[in-house]
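Structure first, then comments.
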Amino acid sequence: MPRNRSGCSVLQSAIDIKRWQQQPPTVVEARPARCPACGTASCPLGGAIRLQGHGKRERQVWGPSGPNHAPEVISIIARRYRCLSCSAVLLVVPRGVLGRRVYSAAAIGFALALWGLALATAAEVRRRVSPAKILGDSAVTGWATLRRWARDVAQRGLFADAPDPGPSASLRQSAATAAARLAASADPTTRALPLEQRAFFGAAHVT
Ligand SMILES: [Zn+2]
């Protein structure tokens, strides 16, 4: 179970980012069916609720909302629940939001595909994916965030379903392997789109 920085378990809802933002789910709509920590049913038949609403948390999500959109920063309201059986605290976020990362899964998949498959430069990837206006020192030689994502992929800490690129793979090859897997997992209706766009849509469904 992925956890965020404050140690809370993070759970993706079936609701995607766009719908969540337009119509934030109520405490009832976003409540998970069961506690991911102990398996207790959240609303046992005829019994009292076991996963109680435990407030809301505002969260930023970075990246473009579509492959042809400008990068942006949006805010979503994540919902917290507390399990009365095991005291676990859960944070429920939209599908496509990853526990420890400020960028959306779609933005990261898109970046890996632009760099690994479309062979865009790191600066170009940054221009298309990052809403950050102030460039740090790393912008001169590349984009540290992009290399970190590729390293996380190689170490199986991100998009762990991707095939292992092997110990001798470069960061860019690791990015390409993961991006190809994401593109292949996208809905068949995206088949005519360029690979990097398919990677965007494939990554949006990753939990
Ligand atoms: Zn529990």
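Looking at the chain, the DSSP beta bridges with both ends there are about 75 percent antiparallel.
For His54, the residues 5 or more places off, or on other chains, whose built amide H falls under 5 Å of its own are Arg80, Tyr81, Arg82. Overall size of region 105-203 from C-alpha positions, given as principal axis extents largest first: 40, 30, 19 Å. The charge dipole of the chain, taken about its Cα centre with unit charges on the Cβ atoms of Lys, Arg (+1), Asp and Glu (-1) only, comes to about 520 debye. Where the accessible area of region 26-166 is counted over protein heavy atoms with a 1.4 Å probe, how much of it, in %, is carbon and sulfur? Ligands and nucleic acids excluded, carbon and sulfur reach 51 percent.
Based on protein heavy atoms only, region 71-201 ends up with 47 Å² per residue of surface accessible to a 1.4 Å probe. Of the residues Ile17, Gly46, Gly142, the one whose Cα sits farthest towards the positive end of the charge dipole of the chain is Gly46 (charges of +1 on Lys and Arg Cβ, -1 on Asp and Glu Cβ, taken about the Cα centre). At a Cβ-Cβ separation cutoff of 4.7 angstrom, cysteine residues of the chain with no neighbouring cysteine are Cys8, Cys43. Any chance you could give the angle, 0 to 90 degrees and rounded to 10, that helix 171-185 forms with the longest Cα principal axis of the chain? Long axis of 171-185 versus the principal axis of the chain: about 60 degrees.
Rounded to the nearest 20 debye, the dipole size of region 1-71 about its Cα centre is 160 debye, using +1 on the Cβ of Lys and Arg and -1 on the Cβ of Asp and Glu.
By the helix-only formula, in which each DSSP H run with n ≥ 4 contributes -39500 (n - 2.57) and the sum is divided by residues, the chain has a 222 nm mean residue ellipticity of -8500 deg cm²/dmol.
Phi angles across region 154-166 convert, under the Karplus curve 6.51 cos²θ - 1.76 cosθ + 1.60 with θ = phi - 60°, into 3J(HN,Hα) values of 4, 8, 6, x, 8, 6, 5, 6, 5, x, 5, x, x Hz, Gly and Pro given as x.
Taking trypsin sites (Lys or Arg not before Pro) across region 173-204, the ones in a DSSP loop with at most 13 further Cβ atoms lying within 10 angstrom of their Cβ are Arg191.
Loop-resident trypsin sites (Lys or Arg not before Pro) (DSSP state other than H, G, I, E or B) in region 63-153 with no more than 14 further Cβ atoms inside 10 Å of their Cβ: Arg100, Lys133.
The mean of 1/r over all pairs of different alpha-carbon atoms in the chain, once inverted, gives a Kirkwood hydrodynamic radius of 17.9 Å.
The values are calculated or read from the model by the stated rules, or taken from the named source; none is laboratory data. This one's a predicted model, so the numbers in the text were calculated from it and none came from an experiment. Neighbour counts are summed over all protein chains in view; Cβ atoms, including those assigned to glycine, are modelled from backbone coordinates with ideal geometry. For accessibility, only protein heavy atoms count, side chains too; no ligands or nucleic acids. Shrake-Rupley method; radii C 1.70, N 1.55, O 1.52, S 1.80 Å.
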